Structure formats: C-alpha cells, structure tokens
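Laboratory data are not the source of any read-out in this text; all were calculated from the coordinates shown. Note that the structure is predicted; figures quoted are calculated from it, not measured. With ideal geometry, Cβ positions are generated from the backbone for all residues, glycine too; neighbour counts draw on all protein chains shown.
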Amino acid sequence: MTDTTLSTDQIVRAHGVQLTDAAAVKVKSLLGQEGRDDLRLRVAVQPGGCSGLIYQLYFDERMLDGDKTVDFDGVEVIIDDMSVPYLDGASIDFKDTISEQGFTIDNPNAAGSCACGDSFH
C-alpha cells in the first residue's frame, strides 16, 4: 500500500482519485478473467476528443517514473504524474443497469464535457 501514515488520524494518499466498491468488484472480476496478478488499473488523461481531453482506463503491468498509486482493497489504481491534477477528487464507479453499463468518472475538475461523456475540458 502506498498510503503514507502520518499519525493515527491523518493519511496522505499518493493521488486523490477514489474507486467505489462497485468499481473495485468489477475490476477484480476483470483481473480474474485475465488470469494475471501483475496488472493494475491505470487512469490517465490524454489530449483529444471534442472537448480537449479524454479519459483512459486500462490494465497496465508497468510502473513508470512519477506514477502515483493507491490500493483499494486489492485493486491498485495508478495515475501518471501529469494526470494527477486533472483527476484530483474524481471518483470512478461501475454501473450495471438497464440504461447504463460500464465505468463512469465523476470529475469535479471538468469544466464541461461532450454529449457522449468521453471528453472534457
């Protein structure tokens, strides 16, 4: 675990992204299907999309210089150093309903987004 304990009441996380319990369960399920224990969930922000920036979520076995990582009950979430400010305070969830299925990102730093929800600025 990469949390740094300062005292019994104060924990500093390597990044400010949260993973909901539903998302953690789905990631564990997907990792189980892959049959590998060396993969982590990488979340990144890249230039592109109609609003300027797009989210990327994928499994990655690499640890790059500057990566920030937090363990959520066995699911390691990695964010590259450049993406951390864009994602600070964001929450990743997984929905599985009749009207929605897939991972969603609720990002308080996004000033606006496109109609499809894949791009933000």
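Peptides 84-91, 59-66 ordered by packing proxy, namely the average of other Cβ atoms within 10 Å per residue, highest first: 84-91, 59-66.
Placing a pseudo-label 7 Å from each Cα along the Cα-to-Cβ vector at LEU30 and SER99 gives an inter-label distance of 2.3 nm.
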